[in-house]
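The values are calculated or read from the model by the stated rules, or taken from the named source; none is laboratory data. Not measured: the values here are computed from a predicted model. Ideal geometry is used to build each Cβ from the backbone, glycine not excepted, and the neighbour counts take in all protein chains shown.
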């Protein structure tokens, strides 16, 4: 009798541990996002920006643009310009070009990063091709805009930002037939 009671307690405790681990697993993603936002870890940029700011014409920030392909991505991918000078609070735009030189439709996803990472919280994208998957047909070339605002509250000692994108081939996980073709928005 005592053995069955201790066995029930053990099973109950183990089930509670399993449930706790399951809940913790789901809580990790929001916890990670909050930590990245709070500390500027990984240079993750936030989602779409909905606020308004007045333009600070007394300050200028140089924004450099970089693009790379992941090891398995065969597209041509690059910004139209290497950099621009932005006034904090102003809306800015850079166009990125993508070209699928292969003979098959492909799906891609761009992942952004900001350096220095401490400035990522002050870089707000209002429109970005990285918000959606890009699908290109064989030989197709598109222009993809990124519109952004450098926040007026960015520390005054930050005078240079680098926005970089890495383009990943996601065709195997998201076949082009299952995803509507995107015209660059």
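Tell me, which residue of the range 29-41 that is in a helix (DSSP H, G or I) and either exposed (fewer than 10 other Cβ atoms within 10 Å of the Cβ) or touching a helix residue (DSSP H, G or I) at 6+ places or on another chain (Cβ under 7 Å) (or both) is modelled with the lowest pLDDT? Steps first, answer last, please.
Residues of the range 29-41 in a helix (DSSP H, G or I): 29-39, 41.
With either exposed (fewer than 10 other Cβ atoms within 10 Å of the Cβ) or touching a helix residue (DSSP H, G or I) at 6+ places or on another chain (Cβ under 7 Å) (or both) added as a condition, the list becomes 29-30, 35-38, 41.
Values: 29: 62, 30: 68, 35: 61, 36: 58, 37: 58, 38: 56, 41: 50.
Ranking the qualifying residues of the range 29-41, first place goes to 41.
Could you go through the range 67-86 and let me know if any residue there is under 30 Å from residue 172 (Cβ atoms), surrounded by 15 or more Cβ atoms within 10 Å (Cβ to Cβ) and free of Cβ contacts under 8 Å to residues at least 60 places away in the same chain. Yes, the conditions are met somewhere in the range 67-86.
Take residue 157 and decide whether it is in a loop (DSSP other than H, G, I, E, B), modelled with pLDDT of 90 or more and more than 30 Å from residue 56 (Cβ to Cβ). Steps first, answer last, please.
On the way: in a loop (DSSP other than H, G, I, E, B): yes; modelled with pLDDT of 90 or more: yes; more than 30 Å from residue 56 (Cβ to Cβ): no.
It is false that residue 157 is in a loop (DSSP other than H, G, I, E, B), modelled with pLDDT of 90 or more and more than 30 Å from residue 56 (Cβ to Cβ).
Against the list (1) touching a strand residue (DSSP E or B) at 6+ places or on another chain (Cβ under 7 Å); (2) more than 26 Å from residue 171 (Cα to Cα), the condition residue 106 fails is (2).
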